[in-house]
Amino acid sequence: MEWLTIGAFARACRLSPKALRLYDELDLLKPARVDPETGYRYYADAQLERARLVAWLRRLGMPLTRIREVCALPAGPAAREVRAYWARVETETAVRRDLAAFLVDHLSGESRRDTTKMLELRYAAHSDRGHVRPSNQDTAYAGRRLLAVADGCGPAGESASAAAVAALKSLEDAELSAGNVLNLLEDAVRSADEAVRQVAEGSTEGGTEVGTTLTALLWTGSRLALVHIGDSRGYLLRDGELFRITHDHSVVQSLIDEGRLTPEEAESHPQRMLLAKALPGGTADAPDLKLHEARAGDRYLLCSDGLTRAVSDERIRELLSGGEPGDAVRVLVEAANAAGGDDNVSAVVADVVLPAHPPVSAR
């Protein structure tokens with residue numbers, strides 16, 4: 001057999017000799033032969049295909065531990081793993097793209113072209129136990145600056161959701177600007193995480209997981225800062241069109257993102273209730289943070305999954321399109337209960353309006 005030197009093999013597969021030595025140490029790409037006297041590495045032609053696959057996966061930015069898993073699979077399953085990895089990258093990139101767009105807008109001064117017209121919110125919140133659950137573990141809040149929905153789980157779920165929202169209420173009196181609002185919101189969520197952790201640690205039923213989702217909007221006068229973790233949702237109704245502004249942090253949504261599951265299959269999946277992220281979270285459970293430019297006429301909806309599991313997005317759009325915020329939250333909750341009321345249901349609706357008179361709270 002004719003051996004390829006490490007230099008020749010590196011040129012053929014587009015990997016550097018330094019990388020090949022690293023992959024040897026990691027048992028990712030072992031040489032076919034090592035000279036016992038010189039320690040020089042030699043490779044076989046048959047190894048080129050695996051080496052080129054490693055090189056391509058590295059160009060994608062895939063971590064070495066995952067590359068090792070992909071390389072150990074047959075072609076079909078390996079292709080599915082690559083598809084799943086790239087879908088996750090695209091999801092994470094979308095979040096960074098939104099932040100980059102905000103920074104460009106903020107630093108260039110584009111968002112300050114029409115700051116003479118300050119806007120206001122008119123808002124309403126409503127939460128209901130539903131027809132089946134013995135208690136209401138949701139918390140819904142609407143105030144002058146803060147809008148929030150939290151959906152607790154576990155024996156102390158009601159306390160967990162209430163603690164998360166309470167930790168954010170200090171932002172009602174904070175000095176806010178577009179430049180510092182995301183930092184303030186991030187700090188407040190850390191406080192919320194700690195508050196929920198204390199509730200979980202104080203729960204009398206050991207071994208039973210306690211936590212909560214949290215979806216909140218913080219108003220600066222011209223923008224709304226969003227924080228989101230879990231599977232409660234945020235929507236924007238603009239010019240008659242409904243846009244979802246949050247991405248579910250659930251097991252089935254992760255499977256959909258990775259191409260392993262269709263949205264139709266997710267509706268009956270046995271793990272459809274399991275969360276991928278919630279409070280309290282670990283180091284990898286960072287919430288989503290975004291900043292939204294507000295327009296007069298916009299209507300925002302925050303809701304727990306008691307609404308979205310029972311009522312379709314199209315029906316939500318129809319019910320959200322008319323009446324005052326107080327009317328909207330009432331008909332949305334009634335629609336979820338009419339569909340069975342299998343879960344607690346909460347809704348917060350806020351309209352962005354020109355300041356004709358003080359904000360009205362209809363709860």
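A few remarks follow.
- Close pairs from the stretch 41-64: first within 14 Å of Phe9 (Cα to Cα), partner open to solvent by less than 90 Å² (accessible area, probe 1.4 Å) and of a type in the set (Lys, Arg), Cβ under 7 Å, at least 6 apart: Tyr42/Arg33
- In the stretch 142-162, the residues that are at positive phi and touching a residue at least 40 places away in the same chain (Cβ under 8 Å) form Cβ pairs under 7 Å with partners that are assigned to a loop (DSSP other than H, G, I, E, B) and of a type in the set (D, E, K, R), at six or more places apart or across chains, as follows: Gly154/Glu209.
- Residues that are closer than 13 Å to Arg197 by Cα and open to solvent by 40 Å² or more (accessible area, probe 1.4 Å), drawn from the stretch 154-169: Ser159, Ala162
- Scanning the stretch 170-198 for residues that are open to solvent by less than 40 Å² (accessible area, probe 1.4 Å) and assigned to a helix (DSSP H, G or I) returns Leu171, Glu172, Val181, Leu182, Leu185, Ala188, Val189, Ala192, Asp193, Ala195, Val196.
- Enumeration of residues in the stretch 8-46 that are in a loop (DSSP other than H, G, I, E, B), open to solvent by 60 Å² or more (accessible area, probe 1.4 Å) and out of contact with any helix residue (DSSP H, G or I) (no Cβ under 9 Å at 6 or more places or on another chain): Pro36, Glu37, Thr38
- Restricting the stretch 132-153 to residues that are within 18 Å of Gly326 (Cα to Cα), aliphatic (A, V, I, L, M) and touching a Ser or Thr at 6+ places or on another chain (Cβ under 8 Å), the residue that is most open to solvent (accessible area, probe 1.4 Å): Ala140
- Positions within the stretch 119-131 being within 16 Å of Gly340 (Cβ to Cβ) and open to solvent by less than 30 Å² (accessible area, probe 1.4 Å), in sequence order: Gly130
The values are calculated or read from the model by the stated rules, or taken from the named source; none is laboratory data. Since this is a predicted model, take the numbers as computed values, not measurements. Positions of Cβ are generated from backbone atoms using ideal geometry, with glycine treated the same way; all protein chains shown enter the neighbour counts. Just so you know, the surface numbers come from the protein's heavy atoms only, side chains and all, with ligands and any DNA or RNA stripped out. Shrake-Rupley method; radii C 1.70, N 1.55, O 1.52, S 1.80 Å.
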